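Engineer: Handing you this structure, nothing more for now.
The values are calculated or read from the model by the stated rules, or taken from the named source; none is laboratory data. Here the structure is a predicted model, which is why all the values come from computation and not from measurement. Reconstructed Cβ throughout: ideal geometry from the backbone, glycine too, with neighbour counts over all protein chains shown. Areas reflect the complete protein model, heavy atoms only, side chains present, ligands, DNA and RNA absent. Shrake-Rupley method; radii C 1.70, N 1.55, O 1.52, S 1.80 Å.
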Amino acid sequence: MRMLHLVVGLAIVCAGMAPSAQPPGAAASGGSLVITGATVVDGTGAPPLANGVIVIRNGRIATVGPASSVRIPDGVERLDLRGKTVLPGFVNAHGHANETRGLQSGPQFNTRENVERQLELYAQYGVTSVFSLGGDGAPGLVLRDEPARGRARLFVSGAIVSGKTPEAAAAEVDVLAAPKVDWVKVRVDGHLGAGSMPLPAAKAAIARAHTHKLPLAAHLYYLADAHQLLRDGVDLIAHSVRDADVDTEFIRLARARDVCVVPTLMREVSTYVYESEPAFFADPFFLRHADTAAVEQLKTPARQQAFRTPAAQANKIALERASRNVKLLKDAGVRIAMGTDSGPAGRFQGYFEHLELELMVKAGLTPMQTIVAATGDSARCMKKAGQIGTIQPGAWADLVVYGASPLDDIRNTRTLEQVFVAGAPLPAIAPRR
């Protein structure tokens, strides 16, 4: 009942709000800029382009190519990035930007100021687009439709559909369709107990979402549920299967409609990593913008004890299964999109995405495969191919500049030096204290 009230409330608050005809961030930057000298990794999986030239006009990529063949317009500002590597900004296919502040969560934190703060934080770590899969309210819808200036772009799914009957689930989707959310989200996960919806209700939600021309993402855990959801037309698997290795049937069903999988490996890590002090608490890159008050709270013995539970220990095994599945799926030709489920308390936005990339490489993906999963493939999986996630003509000029190449070592994403959103450099945000 509470979820239904949230869904209805969202529709009332946002009544009459027209969705933007362009991706969020439209016209966020005027003028032109030419980037020269850098090695360009364009997010498509193509070989890196040495001594590349990127021409940016009105916030979008106008031209990209080798210095020997790109004509640079006269009188345009140039930025020489010799010795640097330029990638598209990361696209987080499963994050959250809404009702968490520090280690506290609740609807009172779902304000414009707090959502904007979270989007700024994502961008500071080089995550320039976030698909917030659940919990979004009116502030998120407003920010989605505004130009992205100094922050990550936001795409929203509104309240998670939770109706237990086909009729109730379909009705909730109808409400979400009014403000035209970007995605619909359901949970089918027996681990959640009352938080899980029955498969017939999920099937009805999928059908109704498609009636409204909206894609639907499913939170799940079990392989058997994944089979049924794929048969029923789900558009995105928003977590890895964690009870078993994926099988040929899962692979066949996913490949048949190019349904992507978002492993969210860091979601599992977050359930147990604070049982002791994690190594990343000493990482200078993490500490640039970390919420130091939250970090200090997580160091306390009482907090650490709270993570020493049987469920947390079971998630260590679930992570092993999920990691195996990343490699199995990639090798079988199933598209992988990077996502972290960051946003809830203890899942540090922006930084967790870098740890996710490391876990994907540890699972057996190459750095290039991992980068594509975090850029071009993530955009494609989230129905935004050609708009974000690649350095190609027509795409938004959302770029990140590294001092060392992540293709050599994925941990080189920590050499982040500069972020551009719609061709505009990100303003410096003071480190958190």
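Engineer: What residue, among those in region 129-173 that are over 14 Å from the mean Cα position of the chain (by Cα) and at positive phi, is surrounded by the fewest Cβ atoms within 10 Å (Cβ to Cβ)?
Structural biologist: Filtering region 129-173 for residues that are over 14 Å from the mean Cα position of the chain (by Cα) and at positive phi, the one surrounded by the fewest Cβ atoms within 10 Å (Cβ to Cβ) comes out as G150.
Engineer: List pairs: first residue in region 81-105 and at positive phi, second residue open to solvent by 10 Å² or more (accessible area, probe 1.4 Å) and not charged (D, E, K, R) anywhere in the structure, Cβ distance under 7 angstrom, at least six positions apart or on different chains.
Structural biologist: As it stands, the answer is G102/A293, since those pairs meet every condition given.
Engineer: Taking only region 32-47 into account, find how many residues are surrounded by fewer than 22 Cβ atoms within 10 Å (Cβ to Cβ) and at pLDDT 95 or above.
Structural biologist: Counting residues in region 32-47 that are surrounded by fewer than 22 Cβ atoms within 10 Å (Cβ to Cβ) and at pLDDT 95 or above gives 9.
Engineer: Being over 30 Å from V86 (Cβ atoms), of a type in the set (F, W, Y) and open to solvent by less than 50 Å² (accessible area, probe 1.4 Å) narrows it down to one of F307, F348, so name that one.
Structural biologist: Selected residue: F307, the only one of F307, F348 that is over 30 Å from V86 (Cβ atoms), of a type in the set (F, W, Y) and open to solvent by less than 50 Å² (accessible area, probe 1.4 Å).
Engineer: Going residue by residue through region 282-294, is there one that turns out to be in contact (Cβ under 8 Å) with a residue 24 or more places away in the chain, surrounded by fewer than 15 Cβ atoms within 10 Å (Cβ to Cβ) and of a type in the set (G, A, S)?
Structural biologist: yes
Engineer: Turning to a different aspect of this structure: One residue is enough: does region 51-59 have a residue meeting the conditions part of a loop (DSSP other than H, G, I, E, B), of a type in the set (K, R) and out of contact with any Asp or Glu (no Cβ under 6 Å at 6 or more places or on another chain)?
Structural biologist: In the first step, residues of region 51-59 are kept if they are part of a loop (DSSP other than H, G, I, E, B); the result is 58-59.
Keeping just the survivors that are of a type in the set (K, R) gives none.
Checked region 51-59: no residue is part of a loop (DSSP other than H, G, I, E, B), of a type in the set (K, R) and out of contact with any Asp or Glu (no Cβ under 6 Å at 6 or more places or on another chain).
Engineer: On to the next question. Can you name the number of the only condition in (1) in contact (Cβ under 8 Å) with a residue 24 or more places away in the chain; (2) out of contact with any Pro (no Cβ under 9 Å at 6 or more places or on another chain) that T309 fails?
Structural biologist: With respect to (1) in contact (Cβ under 8 Å) with a residue 24 or more places away in the chain; (2) out of contact with any Pro (no Cβ under 9 Å at 6 or more places or on another chain), T309 is out only on (1).
Engineer: Sticking with this structure for a sec: For region 172-188, which positions are within 23 Å of R242 (Cβ to Cβ) and free of Cβ contacts under 8 Å to residues at least 40 places away in the same chain?
Structural biologist: Result: V184, V186, R187.
Engineer: Out of all the residues in region 263-276, is one or more in contact with a strand residue (DSSP E or B) (Cβ under 6 Å, 6 or more places away or on another chain), of a type outside the set (D, E, K, R) and in contact (Cβ under 8 Å) with a residue 24 or more places away in the chain? Please lay out each step first, then the result.
Structural biologist: Of region 263-276, the ones in contact with a strand residue (DSSP E or B) (Cβ under 6 Å, 6 or more places away or on another chain) are 264.
Add one more test, that the residue is of a type outside the set (D, E, K, R), and what stays is 264.
The next check asks that each one be in contact (Cβ under 8 Å) with a residue 24 or more places away in the chain; those that pass are 264.
Yes, region 263-276 contains at least one residue that is in contact with a strand residue (DSSP E or B) (Cβ under 6 Å, 6 or more places away or on another chain), of a type outside the set (D, E, K, R) and in contact (Cβ under 8 Å) with a residue 24 or more places away in the chain.
Engineer: Also, quick follow-up: Do any residues in region 215-228 that are closer than 13 Å to M197 by Cα have Cβ atoms under 7 Å from those of residues that are part of a helix (DSSP H, G or I) and open to solvent by less than 20 Å² (accessible area, probe 1.4 Å), where the two are at least six apart or on different chains, and which pairs are they?
Structural biologist: Here the result reads A218/A202; A218/L229; L220/A226; L220/L229, each pair linking region 215-228 to a residue that is part of a helix (DSSP H, G or I) and open to solvent by less than 20 Å² (accessible area, probe 1.4 Å).
Engineer: Moving to a separate point now. Restricted to region 75-106, and to residues that are aliphatic (A, V, I, L, M) and assigned to a strand (DSSP E or B), which residue is farthest from V259 (Cα to Cα)?
Structural biologist: Filtering region 75-106 down to residues aliphatic (A, V, I, L, M) leaves 76, 79, 81, 86-87, 91, 93, 97, 103.
Subset that is assigned to a strand (DSSP E or B): 79, 86-87, 91, 93.
Working: L79: 39, V86: 29, L87: 25, V91: 17, A93: 13 Å.
Selected residue: L79.
Table: residues versus (1) open to solvent by 40 Å² or more (accessible area, probe 1.4 Å); (2) of a type in the set (A, V, I, L, M, F, W, C); (3) assigned to a loop (DSSP other than H, G, I, E, B); (4) more than 25 Å from L103 (Cβ to Cβ).
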{"site": "G339", "(1), (2), (3), (4)": "no, no, yes, no"}
{"site": "L359", "(1), (2), (3), (4)": "no, yes, no, no"}
{"site": "Q369", "(1), (2), (3), (4)": "yes, no, no, yes"}
{"site": "I388", "(1), (2), (3), (4)": "no, yes, yes, yes"}
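Engineer: Name the residues in region 392-406 that are under 19 Å from A379 (Cβ atoms) and open to solvent by 20 Å² or more (accessible area, probe 1.4 Å), would you?
Structural biologist: Those that are under 19 Å from A379 (Cβ atoms) and open to solvent by 20 Å² or more (accessible area, probe 1.4 Å): Q392, P393, G394.
Engineer: Next question. So, in region 59-87, exactly how many residues are more than 13 Å from F420 (Cα to Cα) and surrounded by 11 or more Cβ atoms within 10 Å (Cβ to Cβ)?
Structural biologist: Step one: filter region 59-87 for residues more than 13 Å from F420 (Cα to Cα), giving 62-78, 80-85.
Then drop every residue that is not surrounded by 11 or more Cβ atoms within 10 Å (Cβ to Cβ), which leaves 62-67, 70, 72-73, 76, 78, 80-81, 84-85.
Here the count works out to 15.
Engineer: When you go through V175, V181 one by one, which is the residue that is part of a helix (DSSP H, G or I), farther than 19 Å from P263 by Cβ and of a type in the set (A, V, I, L, M)?
Structural biologist: Just a single option satisfies the conditions, and that option is V175.
Engineer: Next up: When you check A373 against the structure, is it open to solvent by 10 Å² or more (accessible area, probe 1.4 Å) and of a type in the set (A, V, I, L, M), yes or no?
Structural biologist: Criteria not met by A373.
Engineer: Hey, another quick one. With small (G, A, S) and either open to solvent by 50 Å² or more (accessible area, probe 1.4 Å) or in contact (Cβ under 8 Å) with a residue 60 or more places away in the chain (or both) as the only criterion, which of S240, S196 stands out?
Structural biologist: Working: S196 fails: either open to solvent by 50 Å² or more (accessible area, probe 1.4 Å) or in contact (Cβ under 8 Å) with a residue 60 or more places away in the chain (or both).
None of the other options fit; the residue is S240.
Engineer: Give the residues of region 60-74 that are in a loop (DSSP other than H, G, I, E, B) and either touching a Cys at 6+ places or on another chain (Cβ under 6 Å) or free of Cβ contacts under 8 Å to residues at least 24 places away in the same chain (or both), sorted by residue number. Step through it out loud before you land on a result.
Structural biologist: Of region 60-74, the ones in a loop (DSSP other than H, G, I, E, B) are 67-74.
Across region 60-74, the qualifying residues are S68, S69, V70, R71, D74.
Engineer: For L230, indicate whether it is crowded, with 24+ Cβ neighbours inside 10 Å and over 21 Å from L319 (Cα atoms).
Structural biologist: No; evaluated as a whole, the condition is false for this residue.
Engineer: Taking the condition open to solvent by 50 Å² or more (accessible area, probe 1.4 Å), within 25 Å of G389 (Cβ to Cβ) and of a type in the set (A, V, I, L, M), does A50 pass? Spell out the reasoning first.
Structural biologist: Working: open to solvent by 50 Å² or more (accessible area, probe 1.4 Å): yes; within 25 Å of G389 (Cβ to Cβ): yes; of a type in the set (A, V, I, L, M): yes.
It is true that A50 is open to solvent by 50 Å² or more (accessible area, probe 1.4 Å), within 25 Å of G389 (Cβ to Cβ) and of a type in the set (A, V, I, L, M).
Engineer: Shifting gears a bit: Conditions first: (1) surrounded by fewer than 24 Cβ atoms within 10 Å (Cβ to Cβ); (2) closer than 20 Å to D409 by Cα; (3) touching a strand residue (DSSP E or B) at 6+ places or on another chain (Cβ under 6 Å). G364 passes all but one, so which condition is the exception?
Structural biologist: For G364, the exception is condition (3).
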